[in-house]
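The next block holds one structure in the form of structure tokens; read it before the comments.
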Amino acid sequence: MSASSITPRDRLIVALDLPSVSEARAMVEALGDTVSFYKIGLELTYGGGLSLARELSAQGKKIFLDLKLHDIPNTVARATAQVAELGANLLTIHAYPQTMKAAQSALKGGPLRLLAVTVMTSYDDSDLANAGYAFGVKDLVRRRAEQARQAGIDGLILSAEEVQELRAQLGPQMLLVTPGIRPAGSDIGDQKRVMTPAQAIKAGADHLVIGRPVTQAADPRAAASAIVKEIEGAVA
Ligand code: C5P
């Protein structure tokens with residue numbers, strides 16, 4: 001699947017940041033055919049989300065497991081193989097060269113693609129210095145993005161404001177997936193720097209991860225449908 005062939009509907013990934021599988025399942029039912037791609041993160045994973053992932057995948061939905069793997073290579077490879085077995089389409093791993101190579105080595109030609117997390121967006125330069133890193137955020141993101149490419153990783157998860165520069169650095173092949181998206185006029189919540197769906201797509205993003213603007217909307221289906229339309233307009 002080349003990035004340009006992704007349908008507008010598949011570009012929207014709805015984050016199922018909900019406390020229970022039953023609430024997540026009800027949200028998926030309410031969204032119906034409007035949404036084809038879901039992200040399951042740590043909260044829901046530890047609350048039974050892996051069986052939901054298997055269930056949704058069997059229904060033909062695409063699944064992004066945001067598990068941010070990082071461990072010794074043998075463990076990362078074996079965990080990645082288990083995620084592939086679930087039928088997931090995207091999995092996050094931390095962008096350490098050993099971790100990326102190990103996860104990549106466990107892919108056996110199924111639909112699973114890997115997304116590297118370069119630097120967590122909650123970190124600033126002083127947090128990195130405090131943790132013992134010699135690089136600031138910008139340089140470390142660039143360095144790790146290049147290492148991800150060298151390791152054969154399919155894509156990166158990154159903040160919307162990094163998309164344009166990394167698209168220029170990495171070229172068209174790398175999948176760029178970004179959270180921090182807010183349709184014009186919606187509540188930004190705890191996000192600090194946001195872009196609209198159209199802005200992020202025009203900056204070069206392939207997929208947008210959007211949670212509360214859909215899941216907390218009075219009419220989630222209408223909210224998702226409006227976002228897909230906005231994406232459609234931006235890719236045209
Ligand atoms: O509700 P909202 O649209 O802000 O949700 C964004 C999703 O993307 C959440 O699941 C959040 O954990 C995730 N995310 C993020 N910022 C990052 C990395 C992940 O918002 N830097």
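The stretch between residue 43 and residue 58 holds 3.2 nm of extra length on full extension. This uses 0.36 nm per residue minus the Cα-Cα distance.
For the chain, the per residue solvent-accessible surface stands at 47 Å², with DNA, RNA and ligands left out and a 1.4 Å probe. Overall, the anisotropy analysis places the stretch 1-120 in the prolate class: the square-rooted eigenvalues a ≥ b ≥ c of its C-alpha gyration tensor yield a/c not less than 1.5, with a/b exceeding b/c. Here the Karplus relation 6.51 cos²θ - 1.76 cosθ + 1.60, evaluated at θ = phi - 60°, turns the backbone of the stretch 184-195 into coupling constants of 3, x, 8, 5, 7, x, 8, 6, 9, 10, 10, 10 Hz, with x for every Gly and Pro. In the assembled protein chains, residue 122 presents an accessible area of approximately 90 Å² (probe radius 1.4 Å).
Counting Lys and Arg as +1 and Asp and Glu as -1, what is the net charge of the other residues whose Cβ lies under 15 Å from the Cβ of residue 194? It would help to have the intermediate numbers written out before the result.
Details: positive: 182, 192, 193, 202, 212; negative: 161, 162, 187, 190, 230.
Around residue 194, the charge tally is 0.
Given an 8 Å cut-off on Cα distances and at least 6 residues of separation, report the relative contact order of the stretch 3-235 as a percent. Once normalised by length, the contact order is 20 percent.
Given a 1.4 Å probe and every protein chain left where it sits, what share in percent of the accessible area of the stretch 46-198 is carbon and sulfur?
Values: 3850 of 7590 Å².
On the stretch 46-198, the fraction of accessible area on carbon and sulfur atoms equals 51 percent.
Assuming a ≥ b ≥ c are the square roots of the Cα gyration tensor eigenvalues, decide whether the stretch 3-235 counts as rounded (a/c under 1.5), prolate (otherwise, with a/b larger than b/c) or oblate. Numbers along the way, then the final one.
On the way: a/c = 1.56, a/b = 1.19, b/c = 1.31.
It comes out oblate by the Cα gyration axes.
Among 135, 37, the sequence by solvent-accessible area, most first, with a 1.4 Å probe is 135, 37.
The values are calculated or read from the model by the stated rules, or taken from the named source; none is laboratory data. Bear in mind that the values here come from a model prediction, so they are computed numbers and not experimental data. For neighbour counting, all protein chains shown are included, and Cβ atoms are generated from backbone atoms with ideal geometry for every residue, glycine included. Ligands, DNA and RNA are stripped out before the accessible areas are found, and what is left, the full protein with its side chains, is counted by its heavy atoms. Shrake-Rupley method; radii C 1.70, N 1.55, O 1.52, S 1.80 Å.
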